[in-house]
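Engineer: This structure is in structure tokens; I'll ask about it shortly.
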Amino acid sequence: MLGLLFQSKFIIWKNTLFRGGMRRLTPRLVWYGLSVYLFIMVVQGTQELFSLVLAFFPAGAGALLNTFFAGLFTIALFWGIGTNLNQLFLRSDMELLLSLPIARRDIFLLKLAEATWSVLLGGLLGMAAGIGFGWAAGAPWFYYPWLGLATLLLLAMLVSLSMLLIMLVVRILPAKRARDLSTVLFTLVFGVLWFGWMILTQRDEPMQVFIQNQDVLARLGHTLRWLPTSWLTASLEALCYQEWGAFLLSAGAVLAGAGVMVALAYRVYDATFYRSWAAFHEMRPAVRRPTAARRQKQPLLARLYPWPAREIAVKDWAILRRDPRWLSSLIMPLIVSAFYIYWLGFQQRASLPLGAEFWVATLLCPFVAWFFALAVNVPAIGAEGKNIELVRSLPLSAGALMAAKVASTAPFLLAIAVIVTAALGALLQLPALWFWLALVQNGVLAVLFAFAGVAAGSMDPRFVAGHPRRSVGVTGTYLSLFLFALLAAAQLALSAGLMIALAPGDPASQLVVTLWTAALRLPPSVPLMLSAAVGIYIIALGAVAAAWEFGRRHLERWQPGD
């Protein structure tokens, strides 16, 4: 029966991949191609790194590999918590599986395989690092099959551990609170790790830091030796140096650890299944609020909007602050913004060339708004989910729905752009004229990002997705990136033209003239620069308008079941 379940899942995956025409197949092929390219680049990079480590500090190679494994598999562990919640208790196919004569053991193993597949990215990156280590150390051929098998076993062990954590947390916290907490916790942990890593690597060259702190690396590897990843590292080192006794011992530890953890997770799952199932499907009674009281609590900005933008904005703002899935999508943009403000405002300010402060603010602030637009604006239409049938049944056109989504998200992007620009302008001590110019331009660009994000997201919404991050397809995501880049380039060109026209002798203007002359081999011309900037801006606005019209038509033609 388990083989039949895996066969049906494979057929579903194959049909999902190859059916639907080139419109759906092309983005998937692009995504798989980029994944293969990333895998190859990680292999090459780690091979060069481990070659240097083995040449200058051979004792630290194992510690470095174990550190890679520990970091990647820790991310996979936290990542898998939310996925396992969905796989074990919340997937729509669970009720169908329970209604069939299938042993609960087979259901558990199927969900274990699906959860392992969902966190395979961390395992593949770890496998790429292991391949780079084996390549640098001259490992024998059987090193690589064992690396693949051991990586899958370690992922299964971590997924089983996350299942145990889920079933433990459900006994303490309400089910919905446990699910929301896991989402926020993973995003926060990953964001803090990324912020710390970026702060450390920006101080000096990474290899110089590594060479200067070899003893620290050795102590770190010694500290992490109690983790299961050290068993995998020890087995790989033993294979490279052909120490068969040490290999059998560490490989046995990997096999035994995976077997014990999977068996323990199944026993707990089997013993507590019905209680956990009931906890995750409990329904909270709806709380009725008087209409007058609800109207009194509407934000002032929402009262200025006409119908239906007012009602949709109030709904979206309430969901944004109450749904941890939306809040978790904002954590990484906030951390990225804080890092770049810290790095450019405090660390790199002294090394900036004369006149570059204005361009730093002009370039960085749209970059921050870019991240927030991807998290909030692009999935705005698809995040309606199953409610889209109710929304489309109202006397509400698709264009009005898109405009309402812009009205509900644009103030948020505008506030972010203004705050970041003001903070960075104060840190860089911009002159008053350039400060207000950067503030106005970045504010306008943030509003344009809101229009472009909603337009791109409406062309490829995923109303059946269970998470805001998956509520827009690959086509919509790539289109939004293209539109954002085009708008940012147009805004940068307009800034350069205005800078030359308003203050030709300013250091920031001279920097533009220098770059113009070096790139185009033409003398600086203010009319030519302004004409080129206006032309690029018209092209960018035309692209956004075309995407808006295509998205509106797509929503108008949408039918239930699409």
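The values are calculated or read from the model by the stated rules, or taken from the named source; none is laboratory data. Everything quoted here is computed from the prediction, not taken from an experiment. Glycine also receives a Cβ, built like all others from the backbone with ideal geometry; neighbour counts cover every protein chain displayed.
Engineer: Can you find a residue that is free of Cβ contacts under 8 Å to residues at least 12 places away in the same chain, of a type outside the set (Lys, Arg) and in a helix (DSSP H, G or I) anywhere in the stretch 405-425?
Structural biologist: yes
Engineer: Just checking, which of Ala113, Ala103, Ala129, Ala137 is modelled with pLDDT of 80 or more, of a type in the set (Gly, Ala, Ser) and more than 20 Å from Thr233 (Cα to Cα)?
Structural biologist: Ala113
Engineer: Looking at (1) surrounded by fewer than 20 Cβ atoms within 10 Å (Cβ to Cβ); (2) in contact with a Pro (Cβ under 8 Å, 6 or more places away or on another chain); (3) modelled with pLDDT under 80; (4) not aromatic (Phe, Trp, Tyr), which is the only condition Ala400 fails?
Structural biologist: Failing condition for Ala400: (3).
Engineer: Right, something else. If I filter the stretch 443-460 for residues that are out of contact with any helix residue (DSSP H, G or I) (no Cβ under 8 Å at 6 or more places or on another chain) and assigned by TED's automatic domain parsing to the domain that holds Tyr537, do I get at least one hit?
Structural biologist: no
Engineer: Also, quick follow-up: Scan the stretch 9-64 for residues that are of a type in the set (Gly, Ala, Ser), loosely packed, with under 11 Cβ neighbours inside 10 Å and at pLDDT 75 or above and report the count.
Structural biologist: Residues meeting the conditions: 2.
Engineer: Within the group Ala496, Ala485, which residue is surrounded by fewer than 21 Cβ atoms within 10 Å (Cβ to Cβ) and either of a type outside the set (Val, Ile, Thr) or at pLDDT 75 or above (or both)?
Structural biologist: Ala485
Engineer: Within the stretch 365-378, is there a residue that is within 22 Å of Leu487 (Cβ to Cβ), of a type in the set (A, V, I, L, M, F, W, C), in contact (Cβ under 8 Å) with a residue 40 or more places away in the chain and not in a helix (DSSP H, G or I)?
Structural biologist: yes
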